[in-house]
Every structure is written in C-alpha cells, then in structure tokens.
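Participant: This is the structure I have questions about; it appears just below.
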There are 2 protein chains.
Amino acid sequence: MSGSFIALDWGTTRLRGWLMGPDGAVRDDMASDDGIQLVKAGGFEALLRARLAPWLAGDPTLPIWMAGMVGSRNGWIEVPYVSAPCSAADLKRGAVRHQLDGHEVWLVPGVSHESADGFFDVMRGEETMALGAGVRDGLICQPGTHSKWIEMRDGAIVGFATFITGELYAAMSASFIARLAEAPDNEEPGTAQGRIAARAAGGVLRGLFQARARVLGGVLPACGVKPFISSLLVAGEVAGAQQLYGAVTPTLIAAAPFDALYRQALGGRVTLVTPQNALLEGLRGIREAVL
Amino acid sequence: MSGSFIALDWGTTRLRGWLMGPDGAVRDDMASDDGIQLVKAGGFEALLRARLAPWLAGDPTLPIWMAGMVGSRNGWIEVPYVSAPCSAADLKRGAVRHQLDGHEVWLVPGVSHESADGFFDVMRGEETMALGAGVRDGLICQPGTHSKWIEMRDGAIVGFATFITGELYAAMSASFIARLAEAPDNEEPGTAQGRIAARAAGGVLRGLFQARARVLGGVLPACGVKPFISSLLVAGEVAGAQQLYGAVTPTLIAAAPFDALYRQALGGRVTLVTPQNALLEGLRGIREAVL
C-alpha cells in the first residue's frame with residue numbers, strides 16, 4: 001500500500017493535519033485549536049469537512065489516518081485500547097474504520113499495558129509516535145503532561161510507564177511552595193540545584209519544599225523558583241525511569257522547551273526525533289503494515 | 001520559674017489558647033478562626049485583648065507565650081529563626097519579648113537548618129511541639145501540609161527535613177489525575193495499592209498517574225482514587241524519610257486523620273503524642289529553661 005493520505009494528530013487542545021504525497025513527503029499542513037474538548041458530540045464530521053475541505057476536494061477518495069485523544073471516550077469514536085506488546089500491524093488491526101463522504105477514515109487505537117509490578121498504564125497518540133521514531137530495540141522518552149517511557153523490541157511496543165511530570169509541574173507552580181517565585185524566570189540559578197535535589201535522599205516530596213525554603217534561606221533567588229521545580233521534576237522522572245529500565249539513554253521525541261530540559265537531565269548525547277516526524281512516520285507505518 | 005501562663009498556638013488559619021494553672025494543668029481553653037492571615041497589620045494587640053479578656057482580667061501580670069506563624073514575616077512581630085542544633089534554652093534566648101497592658105508576651109522563634117546534603121529548611125510551631133514530645137533521643141514525625149521529620153539528641157533539635165505531602169495531596173486531588181474520583185471516599189480499595197505503589201520503582205511521579213490509569217483499567221474503583229493518592233504520598237514520605245534517617249520508627253505528633261494514616265504507613269507500634277500536649281509541654285519547657 002502507498003499513495004497519498006491525510007495524517008491527523010487530533011488531541012485534547014489541538015488539531016494538526018498534514019497532506020502526505022505518494023512519495024511520503026508533506027505537501028501541505030494545517031493546525032487549529034479545534035481540540036476534541038471543544039468539539040460537541042456529533043460535530044466531528046462537520047469539523048473535518050470544514051478544516052480539510054481543500055484537501056478532500058482535490059482527491060475524492062483520499063484516506064484520512066488519525067491518532068490521539070480523538071479515539072478516546074471523550075472524542076469522536078471510542079477505539080478500544082490494544083494491549084502491549086503490540087506492533088504496527090496490531091494497531092492497524094485495532095483501528096476503527098469509518099466513512100466520510102467517500103473517504104476512508106481510520107482512527108488508530110491507544111495502547112494499554114499492565115507491567116510486571118502491577119502498574120496499569122494507557123496512552124493515546126504516543127504509541128503512533130513511538131512506532132515512527134525509528135527505534136527497533138531500545139527506550140523512547142516522550143515528555144509532556146503525562147510523560148511516557150516506552151520500551152521497543154523488534155520494532156514493537158513491549159511496555160511503557162507514565163510519569164505525571166508536566167501535570168505536577170503545572171500544579172506545583174500554581175501552589176503555595178511557588179509563591180515566592182518572581183518573573184521573569186532565570187534558568188541558571190535553579191536548574192543545577194533542582195537536578196541535584198532530585199537525586200538526594202527523600203525524593204521529590206522533600207525536594208519540592210526547597211522551592212520555598214531555599215528562597216527564605218537566600219540560597220535560591222526568586223527568579224529561580226520555577227526553573228528549580230521544573231528541573232527537580234524532570235530529573236526525578238529520569239531517576240524514576242532509570243530505576244525501572246536501568247541507565248539506558250532513550251531516544252527523545254520532543255519539541256521545545258522539553259528537548260533542552262530533557263537533554264540536560266539525561267546528561268549525554270540523545271537522539272532527538274521531532275513529534276511531527278515521529279507521528280507521520282508512525283501513521284505511515286501503521287497504514288502500510290501487512291496484516 | 002513556674003506559675004500560671006497563657007499558651008497560644010497562633011497559626012495561619014487558627015488561634016488556639018490555653019490557660020495554664022501553676023500546677024501545669026489546663027484551666028480553660030479557647031479556639032477561634034482568627035488565623036494570622038485574617039488579622040490586619042496593627043490588629044494583633046486588639047485581637048488578643050478581645051479574645052483573652054476574661055483570662056487577662058483575672059490576673060493583671062499573667063504572661064503569654066505563643067508559638068507558630070504569628071512570629072513570621074506575615075504575622076505580628078517577625079522573630080528571626082534560630083538555627084539547629086538548638087535546645088529549649090536557645091529558643092528562649094531567641095524569643096521576642098513584648099508588653100501588652102502589663103502582660104509579658106513572648107513569641108517563640110522558628111528554627112532553620114541546613115542539612116549536610118545542602119537542603120535548607122524552616123519551621124515555625126513544630127519546634128515547640130518537638131521539644132514537648134518527650135523525645136530525648138530519636139526521631140519525631142509531624143504530619144501536615146508540610147510534614148516535618150525532626151531529629152532529637154540530648155533533648156535538643158539537631159536537624160529536620162520537610163516533605164510537602166499535605167500540599168501535594170491538596171493539589172493532586174484537585175488536579176486532572178483525580179478527575180475520575182467519586183465520593184464518598186472508601187479507604188479500603190485504594191490504601192493498600194497506594195502503599196505498594198509508593199515503594200515501586202519510579203517513585204511518586206510514576207505512582208500518581210495510577211490514580212487515573214487504574215480506574216480506566218478497572219483495577220481501582222472510583223471511590224478509591226483519593227485514598228490511593230493519600231496513601232501513596234504518605235508512604236512516599238515515609239520511604240523518603242527512611243532514606244534519610246534509616247528505618248527508625250518516629251514518635252508521631254498527630255491528630256485525626258493523620259494519626260491513623262501515618263500509623264498504618266509506619267506499619268508498627270508508634271508512640272503517639274497529641275499536638276496539644278506537645279505544644280503545651282513545649283511552651284512550658286521553653287518558658288522554664290534556665291539561661
């Protein structure tokens with residue numbers, strides 16, 4: 001299978017699309033704030049017609065492949081999770097196929113996983129990017145609100161773990177311990193302290209209070225509070241992932257500002273893949289998987 | 001020194017007072033919502049006169065001893081921190097003495113500490129309770145918004161560490177990961193899972209996402225979400241404190257619901273001291289310390 005198709009990343013807050021040529025190159029792209037949280041039930045088809053009109057008009061049978069929260073309970077059509085271990089072919093098998101005015105629409109499933117230590121995990125969107133990151137065997141890190149660490153073996157997803165780094169950062173920087181913070185943030189004074197504090201005895205619960213106490217003690221300037229919290233949590237995530245997976249350097253699927261933050265926390269040469277490239281390559285691989 | 005005095009615990013949200021007889025027994029008590037956050041600058045004296053009128057009228061030279069956030073920058077009179085190691089005599093030496101209509105008023109200082117691993121910490125109020133907990137040598141745990149673990153040697157405070165367990169619980173139970181929670185909370189299903197998750201590889205950043213994912217996976221009922229978070233964080237705090245101090249069972253200064261939560265997390269016979277007893281005994285000890 002080959003040929004042109006539309007690739008969509010339809011998440012909670014954003015809709016992004018790419019018109020893919022038969023040679024795998026991007027012909028055109030679009031982005032809008034039509035995240036699924038703003039689309040009313042029954043409104044998904046109309047929205048696709050409106051946003052993709054020029055592309056759909058140009059080719060009446062152009063297929064559409066989409067990944068992300070659009071396949072969740074709060075999205076357009078709920079696509080049941082496929083459980084890891086799973087390959088691109090497994091995701092294609094689990095995809096939901098739909099018709100839109102003669103266009104085939106495919107919604108890629110999310111992936112669930114129950115780890116050996118009894119943790120249950122889910123993701124939607126990251127599975128597609130992981131499959132498109134070019135990692136046959138190894139570890140992938142996708143920073144975000146809910147960071148994912150994904151283990152790949154023979155080109156398939158064998159397991160993963162979620163860390164709530166981004167959500168915790170948002171909550172903590174709006175909470176009492178960050179009240180002494182002063183804008184504009186200055187990375188320099190907080191970042192190194194955060195990274196060291198993350199490795200100290202007592203863990204994140206102890207480290208976080210330092211965002212306040214060190215300002216009171218004159219050890220951390222007020223402009224360093226949020227960089228301290230950010231660096232503490234990212235380093236805490238990396239330390240946690242290393243407890244799980246050992247000191248394996250992951251391939252990083254990230255854009256700014258996460259790429260720099262995580263590169264620093266991982267402290268070495270990291271292979272970086274952009275989320276866009278990972279998604280497009282992942283959707284292409286799932287679409288072309290032989291069942 | 002002995003004799004009657006008024007003991008006050010004047011914190012951010014509450015004012016509590018006790019009229020202490022010359023024999024050390026409580027003669028009367030009061031409590032109000034006049035936390036320092038509601039008292040306007042210049043309003044502290046008038047508030048004391050109003051709330052303590054009957055006690056002050058009964059003895060025109062009755063001294064008043066107070067501990068807590070009243071001595072902070074946002075309180076009545078800022079009392080500089082005394083740095084650990086420090087004894088009851090050191091706190092008496094650092095106390096600020098004030099006059100109120102012929103009554104001596106003493107504000108007990110908070111304590112600061114810089115640990116061997118470069119953590120700076122502060123407390124106000126907990127130092128007084130620690131000195132009144134009857135622990136000559138050992139560890140004290142005071143759960144709360146900012147839980148304190150305090151090391152005692154020869155009856156003095158030699159060091160301490162803060163964990164933001166309570167603040168993190170409040171933030172997380174109002175955050176996205178707790179959205180699937182359903183009231184009323186049911187301790188049973190979440191507590192054991194939280195305790196185990198806290199000890200698993202990956203730490204709190206990994207464990208917290210389980211509050212959502214396990215509900216999606218049918219492993220945790222929605223009524224167990226908040227107990228799961230609470231138990232995870234308390235067990236995470238205990239694990240962190242054990243990294244710092246070893247597996248020493250602390251004396252617990254706590255009231256409901258913390259006493260039960262921490263007893264369970266500490267998993268053994270714990271000596272429990274009520275916050276009131278610890279405060280009154282602490283103020284008495286500081287007051288009677290020989291300089």
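Here is a yes/no grid of residues against (1) within 14 Å of chain B (Cβ to nearest Cβ); (2) buried (at least 24 other Cβ atoms within 10 Å of the Cβ):
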position: A:SER115; (1), (2): yes, no
position: A:GLU127; (1), (2): no, yes
position: A:LEU131; (1), (2): no, yes
position: A:ILE140; (1), (2): no, yes
position: A:SER147; (1), (2): yes, yes
position: A:MET152; (1), (2): no, no
position: A:PHE160; (1), (2): yes, yes
position: A:GLU167; (1), (2): yes, no
position: A:ALA171; (1), (2): yes, no
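Participant: Output the residue which, of all residues in the range B:104-120 that are out of contact with any helix residue (DSSP H, G or I) (no Cβ under 6 Å at 6 or more places or on another chain) and part of a strand (DSSP E or B), is farthest from A:ARG199 (Cα to Cα).
Facilitator: Ranking the qualifying residues of the range B:104-120, first place goes to B:GLU104.
Participant: While we're on this one: Does the range A:50-69 hold any residues that are touching a residue at least 40 places away in the same chain (Cβ under 8 Å), outside any loop (DSSP other than H, G, I, E, B) and farther than 18 Å from A:ASP121 by Cα, and which are they?
Facilitator: Selection gives A:LEU52, A:TRP55, A:LEU56, A:ILE64, A:TRP65, A:MET66.
Participant: For residues that are of a type outside the set (Ser, Thr, Tyr) and modelled with pLDDT of 95 or more, scanning just the range A:1-10, find the one that is farthest from A:GLN276 (Cα to Cα).
Facilitator: My answer is A:PHE5.
Participant: Right, another one. For A:GLY118, which of the numbered conditions (1) over 19 Å from A:ILE164 (Cβ atoms); (2) free of Cβ contacts under 8 Å to residues at least 12 places away in the same chain fails to hold?
Facilitator: It fails just one condition, (1).
Participant: When both residues are 6+ apart or on different chains and their Cβ atoms are under 7 Å apart, which pairs have a first residue that lies in the range A:192-212 and is under 16 Å from A:LEU261 (Cα atoms), and a second that is not in a helix (DSSP H, G or I)?
Facilitator: A:GLN193/A:LEU220
Participant: Please give the helices (runs of 4 or more DSSP H) falling wholly within the range B:190-283 in which 3 or more residues are crowded, with 18+ Cβ neighbours inside 10 Å and within 13 Å of chain A (Cβ to nearest Cβ).
Facilitator: Result: B:203-216, B:225-245.
Participant: Residues that are over 20 Å from the mean Cα position of the chain (by Cα), assigned to a strand (DSSP E or B) and modelled with pLDDT of 95 or more: does the range B:42-49 have at least one?
Facilitator: no
Participant: Can you tell me which of (1) within 12 Å of chain B (Cβ to nearest Cβ); (2) assigned to a loop (DSSP other than H, G, I, E, B); (3) closer than 21 Å to A:ALA7 by Cβ is the one A:PRO80 doesn't meet?
Facilitator: Among (1) within 12 Å of chain B (Cβ to nearest Cβ); (2) assigned to a loop (DSSP other than H, G, I, E, B); (3) closer than 21 Å to A:ALA7 by Cβ, A:PRO80 violates only (3).
Participant: Six or more apart or on different chains, Cβ atoms under 8 Å: show the pairs whose first residue is in the range B:121-135 and in a strand (DSSP E or B) and whose second is buried (at least 23 other Cβ atoms within 10 Å of the Cβ) and among the aromatic types (Phe, Trp, Tyr).
Facilitator: B:ASP121/A:PHE209; B:ASP121/B:PHE160; B:MET123/B:PHE160
Participant: Follow-up question, since we're still on this one. In the set B:ILE164, B:ILE196, which member is within 22 Å of A:ALA178 (Cα to Cα) and either in contact with a strand residue (DSSP E or B) (Cβ under 7 Å, 6 or more places away or on another chain) or of a type outside the set (Ser, Thr, Tyr) (or both)?
Facilitator: Among B:ILE164, B:ILE196, only B:ILE164 is within 22 Å of A:ALA178 (Cα to Cα) and either in contact with a strand residue (DSSP E or B) (Cβ under 7 Å, 6 or more places away or on another chain) or of a type outside the set (Ser, Thr, Tyr) (or both).
Participant: Does at least one position in the range A:25-33 carry a residue that is closer than 27 Å to A:GLY144 by Cα, under 18 Å from the mean Cα position of the chain (by Cα), assigned to a loop (DSSP other than H, G, I, E, B) and modelled with pLDDT of 95 or more?
Facilitator: Yes, the range A:25-33 contains at least one residue that is closer than 27 Å to A:GLY144 by Cα, under 18 Å from the mean Cα position of the chain (by Cα), assigned to a loop (DSSP other than H, G, I, E, B) and modelled with pLDDT of 95 or more.
Participant: Also, I was wondering about something else. When A:ILE140 is evaluated against the numbered criteria (1) in a loop (DSSP other than H, G, I, E, B); (2) closer than 30 Å to A:TYR262 by Cα; (3) not polar (S, T, N, Q), which criterion, by number, is the only one it fails?
Facilitator: (1)
Participant: Pick out the one residue from A:PRO60, A:PRO22 that is over 25 Å from A:GLY132 (Cα atoms), exposed (fewer than 13 other Cβ atoms within 10 Å of the Cβ), touching a Gly at 6+ places or on another chain (Cβ under 8 Å) and at pLDDT below 95.
Facilitator: A:PRO60
The values are calculated or read from the model by the stated rules, or taken from the named source; none is laboratory data. Source: prediction; values computed, not measured. Note: ideal-geometry Cβ built from the backbone for every residue, glycine included; neighbour counts use all protein chains shown.
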